[in-house]
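Presented below is the structure to which this report refers.
Where a number appears in this text, it was derived from the coordinates with a stated rule and is not lab data. Quantities reported herein were computed from a predicted structural model and do not represent experimental measurements. Heads up, the Cβs are rebuilt from the backbone with ideal geometry, glycines too, and the neighbour counts pull from every protein chain shown.
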Amino acid sequence: MSVDQSDITKVALLARLKIDEADVPQYVDNLSNILGLVEQMSEVNTDDVVPMAHPLDAAQRLRADEVTETNQRDKFQALAPQVESGLYLVPKVIE
Amino acid sequence: MHTKTISQLSAALRSGEVSSVELTTLFLERIKQHNPALNCFISVTEAQAFAAAAAADLRLKAGNAAPLTGVPIAHKDIFCTEGVKTTCASKMLDNFIAPYESTCTAKFRDAGAVMLGKTNMDEFAMGSSNETSYYGAVKNPWDQARVPGGSSGGSVSAVAARLAPAATGTDTGGSIRQPAALCGLTGLKPTYGRVSRYGMVAFASSLDQAGPITYSAEDAALMMNVMAGFDERDSTSVERDVPDYSANLDNGIEGLKIGLPKEYFGEGLDDGVARVIDAAVKEYEALGAVVKEISLPNTALAVPTYYVVAPAECSTNLSRFDGVRFGHRCDDPQDLFDLYTRSRGEGFGAEVKRRIMIGTYVLSAGYYDAYYLKAQKIRRLISEDFRAAFEEVDVIMGPTAPSTAFKLGEKADDPVTMYLSDIYTIAVNMAGLPAASIPAGFADGLPVGLQVIGNYFDESHLLNVAHKYQQATDWHLQVPKEFQ
């Protein structure tokens, strides 16, 4: 399995990653090599195998629907690049 | 004093032979002296360390000390530590002061252990050489032209150079065991779910597990007594009693059935490493163990499968870094899309971007079944191999890594070659099993690690098996010349 430059551009867009034009050929090489390694999986017949999501096949624990955490907005927003009146600021989204 | 195990330091603190403030001073001095060359710490938390040491000394005097009270340790910079910079070795988190404490580090804090600082690592724990850190590569104290292994490279380098007597690490595909092997230390990856992941920056959530890095199995048991246990804040934490990991260390191992997977001794294994492992297995036979060849037929599929599962989960976990709520934000964003893409493009390093790209690709529309679902099915097959093996044997042994520590830069440009250096460790994470790496000797002057894999929740037995070997050998007590 190999990827081309247009695949890289599309995946970078999906991943919201800015990639320099000049680096695209290297991504093509690296990703093609890694997918080549991954390709070994296709040689195995897995028709009747149940997929394994959790090593112990544990189910998600449930808890009572109760408030257990206190509001720490100011503490957390102290870490943000830009806030105002308790809101996170981003560039204008709607014209 | 700096070469003592934490079991010995704990006794010395109790007898009054040394105080925690004295020990803390000693190790902070050693860090000042050697860290510029080794680069194993990202942050040194001197003020907090002295405060914790003074409190520990009071607790020791008052007679209500826990075994690790007053013992200095280092934490991998992947654990959130409240009020202390927590970077995960990424530019993305270079400005991140954690607003809360991870469960794992909180347990050490409550036990009275003294945090010396936060150790260097591969960025977001993605790497096998500690060369992907934003803060620069870490050096191996046994040969500073070589890598310490990764991703817990700072933790092992610090402990091997006796800058800290023990450290925490995390292991997603071998990140405790491989560096422990390359630096001549004891490292344990517990069963998935045994140690809480709360407050541990997530890489691949179905594989990540924290564990101890120490000189001896006896020390690892002391660390596990603090770290292990159920945590309701971690949805994959396992509700199960925690044994006293020190209780069974001295049990006899006569008749222990050791399985040697033939797939772990084939092509690609360095001759020098193979000789050391053979000798270690003979030592076990001399101690009364019985050796049997076994097969783990899907071994070769572990690395390919891992490079679907881990990147898929990494790309999902790392989507939280958006330049909005915390972490790096680019200058002068033109619009929201520009803010996201440039903040992430600038904040993440090359290997992290590579894995996000792979993960995004395999999860993208139309590919899910062919990659992630297929990988989860093969993961089942890999686990079944181990299940079948443990019907015949008590533990599985083999090399931890195919070679000794390689040179800095040697594999940095070739991701696939680097990935294959984790060939013997990754399957254990896929299955969620516990495994240790223990020092077993040297090849051309560099440490070699013996991997011991146990059945689910069998850490206590693994440590017993390791301890008996360490009673009969002294490989785990070797100190690199410059740091004696």
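Side notes on the structure shown:
- Alpha carbon centroid spacing (whole Å) that separates region B:98-166 from region B:1-63: 16 Å
- Where trypsin sites (Lys or Arg not before Pro) in DSSP loops with at most 10 other Cβ within 10 Å are excluded, longest remaining stretch of chain A: A:1-62
- Per residue, the protein assembly as shown reaches -11000 deg cm²/dmol at 222 nm when only DSSP H runs of four or more residues are counted, each adding -39500 (n - 2.57).
- Dividing the Cα radius of gyration of region B:107-264 by its Kirkwood radius returns 0.97 for Rg/Rh.
- The Rg/Rh ratio of chain A, with Rg taken over Cα atoms and Rh as the Kirkwood radius over Cα pairs, comes to 1.15.
- Dipole moment magnitude, nearest 20 debye, chain A about Cα centre, only Lys, Arg, Asp, Glu C-beta charged: 560 debye
- Largest to smallest principal axis extent of the C-alpha atoms in the protein assembly as shown, angstrom: 73, 57, 52
- Cα Rg, Dmax (largest Cα-Cα span) when computed across region B:353-484, Å: 18.4, 57
- For chain B, the longest site-free run once GluC sites (Glu not before Pro) in DSSP loop states with at most 13 other Cβ atoms within 10 Å are removed: B:18-231
- The Cα center of region A:22-37 and the Cα center of region B:211-282 differ in position by 37 Å.
- Taken over region B:256-375, the convex hull of the Cα atoms encloses 173 Å³ per residue.
- With K and R counted +1 and D and E -1, the other residues having a Cβ less than 13 Å from that of B:Ala375 yield a net charge of +1.
- Scanning residues 5 or more positions from B:Met115 or on other chains, those with amide H under 5 Å from its amide H are B:Ile73, with H placed 1.01 Å from N in the peptide plane.
- Listed by chain and number, the aspartates and glutamates placed with their C-alpha closer than 18 angstrom to that of B:Lys118 are B:Glu29, B:Glu46, B:Asp77, B:Glu82, B:Asp94, B:Glu101, B:Asp110, B:Glu131, B:Asp171; residues fewer than eight positions away on the same chain are left out.
- Reference-scaled alpha-carbon Rg (2.2 N^0.38 Å with N residues) for region B:1-476: 0.92
- Computed on region B:153-219, the Cα convex hull volume stands at 83 Å³ per residue.
- Legend: residue pairs B:Lys353/B:Lys411; A:Lys75/B:Lys76; B:Lys32/B:Lys481; B:Lys353/B:Lys374; B:Lys76/B:Lys107, Cα-Cα distance threshold 20 Å; pairs beyond threshold, A:Lys75/B:Lys76; B:Lys353/B:Lys374.
- Region B:359-483 - percent relative contact order, Cα under 8 Å, separation 6 or more: 23 percent
- Taking all pairs of distinct alpha-carbon atoms in region B:35-174, Kirkwood radius in angstrom: 15.0 Å
- Region B:1-476, relative contact order [Cα under 8 Å, separation at least 6], %: 18 percent
- The protein assembly as shown - share of DSSP beta bridges that are antiparallel (%, nearest 5): 70 percent
- Candidate lysines for bridging to B:Lys292, where Cα separation is under 17 Å - those fewer than 8 sequence places away on the same chain excluded: B:Lys257, B:Lys262, B:Lys282
- Build a GNM of chain A with springs between Cα atoms under 10 Å apart, and of A:Asp74, A:Asp57, A:Asp20 the one that fluctuates most is A:Asp74.
- Candidates per trypsin sites (Lys or Arg not before Pro) in region B:277-386, loop by DSSP, up to 16 other Cβ within 10 Å: B:Arg325
- 10 Å Cβ neighbours from other chains, averaged over peptide B:369-381: 5
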